[in-house]
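**Student:** Below you will find the structure I want to go over with you.
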Amino acid sequence: MLNESDILKLNRLRKKVDKEKKNLRITEPRFTFQMDSRTKKLTMSYSIHVDGGLDSKNNRIYRKKQVRKYLKNVTVDDVDVVLRNLRTYSDEILREQNVRYKSIGGSRDTMTHWLKVYVEKPKRKGNITVNEKTIRGDKSTIQDCIDWMSKHKPEMLNIWNWVEDGRDVLLEYFKYRQEVGGKRKIWSDGGVNTSYRRIRAFFNFISDNIKNFPPQLLNKMPIKRTKVKTESFTSMEMELILTFLEEHKDHPRWFWFVPIFKVLLETGMRVSEVVSMKIRDVDIKERKCKIVGKGDKDRFVYFRSDSIWSIIKNQIYNKEGKIRTDTEWVFWSIYKQEGSGRVAKIKTWRLYERKHKPINTSGIQHKSKEMFRLLNLSDGLSTHSTRRFFITEMLKKTQGNIPLVAQLVGHNTWDVVRLYTKDVIDEKQDLNVGLFD
């Protein structure tokens with residue numbers, strides 16, 4: 001706490017500072033000097049802008065926040081030092097205020113400002129809400145573009161410069177990422193295509209919100225479209241996998257993985273959909289489960305296979321034959337870890353369960369890759385190969401019923417599923433001429 005002597009000294013300093021400000025004609029920024037009641041150190045008090053979000057017209061709201069900055073090696077008794085450096089103090093505060101202002105999108109003409117608008121507004125058009133995963137992807141993609149522009153083409157940070165040069169500069173950006181690389185690796189054609197679609201949508205959003213900004217500015221650019229991969233497991237690979245699953249269903253390292261991989265093969269679900277299944281969404285009578293798929297779209301997954309329904313029942317019922325209430329997840333976090341027992345050279349396995357959380361997506365993906373390596377299968381296989389396998393096999397089983405299969409795997413359109421029809425051939429159909437039969 002300040003004593004009377006401290007208060008007198010501080011007031012004397014403030015009066016002399018005010019007089020010197022007038023002499024130097026310093027009207028902005030506004031700042032004053034204070035003394036820390038505990039350390040008795042001299043501080044400058046001033047305000048800076050902070051982000052206050054957006055108003056109804058997508059204009060950024062700026063709020064002021066008071067900050068205190070300690071002066072190094074300067075006390076309340078060093079009046080002459082303070083007066084000598086008053087202009088320096090003023091310039092430092094102005095620089096900080098300008099940097100703070102620009103950092104939260106000081107201009108509606110900057111990419112940085114519109115990125116904040118883009119990711120802070122989940123409803124971009126009408127009443128359609130963009131999901132969090134899409135927002136995270138958009139933010140990461142556009143921020144990478146902004147970072148590159150800041151270093152190589154800083155003038156492009158102004159959105160109006162994209163009207164004339166945007167298409168050419170964007171191609172230059174993609175070329176750089178494919179030849180030199182991004183933050184982690186060189187981009188593939190698929191990476192470029194994904195980035196292009198997100199950046200294109202971003203500038204279409206700007207056009208919708210700024211009068212006279214050209215619409216469809218980046219549409220129909222010469223970006224190579226990626227080929228949809230439809231190849232999955234060969235019959236030989238599937239035979240090896242099924243044998244492996246049967247032999248390792250009770251193994252402490254694989255017991256949790258085997259039922260999940262079987263469900264993936266039999267239902268065509270994505271890994272993210274399997275781990276997000278909840279017990280309350282399972283319809284026991286209809287043997288189906290409501291899941292939230294890609295793009296927050298609801299659909300039902302059916303467990304018509306007795307073996308797969310047996311897996312689901314084992315997960316949702318406890319040992320007493322009652323529906324579980326100790327977890328909300330169909331597949332909760334569970335695994336066994338190897339350790340040494342008391343007797344030398346005897347290994348034990350310790351069970352770990354976390355019923356409050358679902359099993360980890362990456363854990364399933366890594367375990368799948370481990371199985372593929374043990375079986376010497378193709379390096380191109382992944383957990384998504386189970387989805388491709390399901391689509392191909394169901395098209396065969398349903399005589400090419402594209403609408404039904406698209407519904408089962410959660411595709412809005414039939415276009416992707418239709419690509420798999422090239423692999424669908426009726427096994428009973430005679431495909432040879434028959435000259436030598």
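**Student:** Place a +1 charge on the Cβ of each Lys and Arg in the chain and a -1 charge on the Cβ of each Asp and Glu, then give the dipole magnitude about the Cα centre in debye, rounded to the nearest 20. Intermediate values should be presented prior to the final figure.
**Tutor:** Working: 88 positive and 56 negative charges, 417 e Å.
So the dipole magnitude of the chain works out to roughly 2000 debye.
**Student:** Hey, can you rank 171-183, 357-369 by average C-beta count inside 10 Å, highest first? Walk me through the numbers before you get to the answer.
**Tutor:** Details: 171-183: 14.5, 357-369: 16.2.
By packing density, highest mean first, the sequence is 357-369, 171-183.
**Student:** Let me ask something additional. For the chain, modelled as a Gaussian network with Cα springs under 10 Å, which listed residue fluctuates most, Asn193, Asn158, Asn376?
**Tutor:** Its mean-square fluctuation being the largest, the pick is Asn376.
**Student:** Could you work out the helix-only [θ] at 222 nm for the chain, with each DSSP H run of four or more residues adding -39,500 (n - 2.57) and the total divided by the number of residues, to the nearest 500 deg cm²/dmol?
**Tutor:** Calculated from helices alone, the mean residue ellipticity at 222 nm is -14000 deg cm²/dmol.
**Student:** In angstroms, what radius of gyration and Dmax does the range 247-303 have, counting Cα atoms only?
**Tutor:** Reported Rg and Dmax, both Å: 12.6, 37.
**Student:** Next question. Go through [x] 307; [y] 260; [z] 127 and flag the label whose value is the computed volume of the Cα convex hull per residue in Å³ for this structure.
**Tutor:** For volume of the Cα convex hull per residue in Å³, the calculated option is [x].
**Student:** Choose one of Ile284, Leu218, Tyr46: the residue whose Cα lies farthest towards the positive end of the charge dipole of the chain (beta-carbon charges +1 Lys, Arg; -1 Asp, Glu; about the Cα centre).
**Tutor:** Farthest towards the positive end: Tyr46.
**Student:** A further question follows. Could you please state how large a percent of the accessible area of the range 118-229 is carbon and sulfur, counting protein chains only and using a 1.4 Å probe? Please list the in-between numbers first.
**Tutor:** Numbers: 3350 of 7030 Å².
Carbon and sulfur: 48 percent of the exposed surface of the range 118-229.
**Student:** Let me ask something else about it. From the residues Asn401, Trp254, Phe205, which one has its Cα farthest along the dipole of the chain in the positive direction, the dipole being from +1 and -1 charges on Cβ of Lys/Arg and Asp/Glu about the Cα centre?
**Tutor:** Phe205
**Student:** Run the numbers for Glu155 and Gln337: contour at 0.36 nm per residue of separation, minus the present Cα-Cα distance, in nm.
**Tutor:** Values: separation 182, 0.36 × 182 = 65.52 nm, distance 5.51 nm.
Result: 60.0 nm gained on full extension.
**Student:** Among the listed pairs Lys121/Lys297; Lys116/Lys227; Lys123/Lys175, which are separated by more than 25 Å between their Cα atoms?
**Tutor:** Details: Lys121/Lys297 20 Å; Lys116/Lys227 33 Å; Lys123/Lys175 32 Å.
With Cα atoms farther than 25 Å apart: Lys116/Lys227; Lys123/Lys175.
**Student:** Still on this structure, please answer the following. Taking R0 as 45 Å, what FRET efficiency do you get between Arg108 and Glu231 from their Cβ-Cβ distance, rounded to the nearest 0.05? Could you put the intermediate results ahead of the total?
**Tutor:** On the way: r = 48 Å, r/R0 = 1.07.
After rounding to 0.05, the efficiency reads 0.40.
**Student:** Setting aside same-chain residues fewer than 8 positions from Lys125, which aspartates and glutamates have a Cα under 13 Å from its Cα?
**Tutor:** Within reach: Asp208.
**Student:** Leaving out same-chain residues fewer than 8 places away, which aspartates and glutamates sit with a Cα under 15 Å from that of Lys290?
**Tutor:** Result set, ordered by chain and number: Glu273, Asp281, Asp298, Glu328.
**Student:** Let me check I have the definition right: for the range 272-343, take the eigenvalues of the Cα gyration tensor, multiply each by 5, take square roots. What are those semi-axes in whole Å, largest first? Walk me through the intermediate numbers first.
**Tutor:** Working: eigenvalues 147, 54, 27 Å².
After scaling each eigenvalue by five and taking roots: 27, 16, 12 Å.
**Student:** Between Tyr70 and Glu370, what is the spin-label point distance in nm, taking each point 7 Å from the Cα along the Cα→C-beta axis?
**Tutor:** 5.0 nm
**Student:** Given the range 221-355 reduced to its alpha-carbon atoms as identical point scatterers, what log10 I(q)/I(0) does the Debye formula return at q = 0.11, 0.19 Å⁻¹?
**Tutor:** Cα-only, vacuum Debye calculation for the range 221-355: -0.54, -1.22.
**Student:** I'm a student and want to see the number: the projected area of the Cα convex hull of the range 222-283, averaged over all directions, in nm².
**Tutor:** Result: 7.2 nm².
**Student:** How much accessible area per residue does the chain have, counting only protein heavy atoms and a probe of 1.4 Å, in square angstrom? Walk me through the numbers before you get to the answer.
**Tutor:** Values: 27450 Å² over 437 residues.
On a per-residue basis, the chain sits at 63 Å².
**Student:** Among Asn376, Thr112, Gln337, flag the residue with its Cα farthest along the positive direction of the charge dipole of the chain, charges on Cβ as +1 for Lys/Arg and -1 for Asp/Glu.
**Tutor:** Positive-end residue among those listed: Thr112.
**Student:** Which of Val271, Val282, Val76 moves the most in a Gaussian network model of the chain with Cα springs under 10 Å?
**Tutor:** Highest fluctuation among the options: Val76.
The values are calculated or read from the model by the stated rules, or taken from the named source; none is laboratory data. Keep in mind it's a predicted model, so treat the numbers as computed, not measured. Note: ideal-geometry Cβ built from the backbone for every residue, glycine included; neighbour counts use all protein chains shown. Just so you know, the surface numbers come from the protein's heavy atoms only, side chains and all, with ligands and any DNA or RNA stripped out. Shrake-Rupley method; radii C 1.70, N 1.55, O 1.52, S 1.80 Å.
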